[in-house]
Amino acid sequence: RSGGGRSAGGRAPIELGGFYGYSWTWSQEAYLGLQSGTIDVEDSGFWGVHLDYPVRPGTWLELLYSNQSSDLTFKSRAGGKETLTKFGVEYFQIGAVQALKPGQKVVPFTSLSLGWTTAKAKDIGESNSKFSMIIGVGAKIYASERVGLRLQARLPVTFTSGGLGFGVGTGGASAGFYGTGVTQTDVSGGAFLRF
């Protein structure tokens, strides 16, 4: 049966899939040397993979990885915007996916995961990892017993505990976020296999 039904052996199938989407980052108050302004990860596409392991009907334990390549930019109070470095954002997460109407062909769900974010300033070879969480909503569409589609919208939040800094520029200036967290919003879609 579609919609998260059990396999012939009586076990609910594991779901392994990939997805692609687009991410928006909320700009943050920041400093660059002696200048103040806003720092931002430019909006861009991202990709990811997930493994959903059934723990009870309509509930999955999820392992999740996603990867975004973008630019880190700084806009000063005086005006003007500059690209500081090529920038990568990786999420490594474990959490739960909860079906709202299990057993149907189209299964709406909510998700919550915890883990860490690794931010990479690629041009200068620096990286920084922080605790993060992702809240999501979406739907699984079971096209057959073995194949499904997944659509979702998420709110990833990385907790920086007051700052996330990198040394940037030939003059040795440092760039960093103010505040306690960096928030993104994304939408994505993909396919998964059941086995």
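The values are calculated or read from the model by the stated rules, or taken from the named source; none is laboratory data. Source: prediction; values computed, not measured. Positions of Cβ are backbone-derived with ideal geometry, glycine not excepted, and every protein chain shown enters the neighbour counts. Remember, those area values only see protein heavy atoms, side chains included, never the ligands or the DNA or RNA. Shrake-Rupley method; radii C 1.70, N 1.55, O 1.52, S 1.80 Å.
Tallying residues that are surrounded by fewer than 22 Cβ atoms within 10 Å (Cβ to Cβ) and either at pLDDT 95 or above or not in a strand (DSSP E or B) (or both) within region 169-193 yields 14.
Inside region 39-57, can you point out the residues that are in a loop (DSSP other than H, G, I, E, B) and farther than 21 Å from Gln184 by Cβ? Answer for region 39-57, where residues must be in a loop (DSSP other than H, G, I, E, B) and farther than 21 Å from Gln184 by Cβ: just Pro57. Can you find a residue in region 67-83 that is closer than 28 Å to Lys140 by Cβ, touching a residue at least 12 places away in the same chain (Cβ under 8 Å) and not small (Gly, Ala, Ser)? Yes, region 67-83 has at least one match. Filter region 71-105 for residues that are closer than 25 Å to Leu149 by Cα and among the charged types (D, E, K, R) and give the result. Of everything in region 71-105, those that are closer than 25 Å to Leu149 by Cα and among the charged types (D, E, K, R) turn out to be Glu90, Lys101, Lys105. In region 101-134, of all residues being of a type in the set (A, V, I, L, M) and out of contact with any Pro (no Cβ under 8 Å at 6 or more places or on another chain), the one that is nearest to Thr185 (Cα to Cα) corresponds to Leu112.
Looking only at region 27-50, decide whether some residue is more than 24 Å from Ser127 (Cβ to Cβ), of a type in the set (Phe, Trp, Tyr) and either surrounded by 15 or more Cβ atoms within 10 Å (Cβ to Cβ) or touching a Pro at 6+ places or on another chain (Cβ under 9 Å) (or both). There is no residue in region 27-50 that is more than 24 Å from Ser127 (Cβ to Cβ), of a type in the set (Phe, Trp, Tyr) and either surrounded by 15 or more Cβ atoms within 10 Å (Cβ to Cβ) or touching a Pro at 6+ places or on another chain (Cβ under 9 Å) (or both). Within region 119-142, being in contact with a Ser or Thr (Cβ under 8 Å, 6 or more places away or on another chain) and either over 30 Å from Arg11 (Cβ atoms) or not in a strand (DSSP E or B) (or both) holds for Ala119, Lys120, Ala121, Lys122, Asp123, Ile124, Ser127, Asn128, Ser129, Lys130, Phe131, Ser132. Do we find a residue being of a type in the set (Asp, Glu), buried (at least 18 other Cβ atoms within 10 Å of the Cβ) and part of a strand (DSSP E or B) anywhere in region 61-68? Checking region 61-68: at least one residue is of a type in the set (Asp, Glu), buried (at least 18 other Cβ atoms within 10 Å of the Cβ) and part of a strand (DSSP E or B). Scanning region 72-95 for residues that are within 20 Å of Phe159 (Cα to Cα) and either open to solvent by 20 Å² or more (accessible area, probe 1.4 Å) or in contact with a Ser or Thr (Cβ under 6 Å, 6 or more places away or on another chain) (or both) yields Leu72, Thr73, Phe87, Gly88, Glu90, Tyr91, Phe92, Gln93, Ile94, Gly95. Hey, any hits in region 60-67 for a residue that's among the polar types (S, T, N, Q) and modelled with pLDDT under 90? The answer is no, given that none of the residues of region 60-67 is among the polar types (S, T, N, Q) and modelled with pLDDT under 90. The set of residues in region 81-101 being under 13 Å from Val41 (Cβ atoms) and of a type in the set (Gly, Ala, Ser) consists of Gly88 alone. Taken together, the residues in region 17-38 that are modelled with pLDDT of 85 or more and part of a strand (DSSP E or B) amount to 11.
For region 1-10, the count of residues that are of a type in the set (Ser, Thr, Tyr) and part of a strand (DSSP E or B) is zero.
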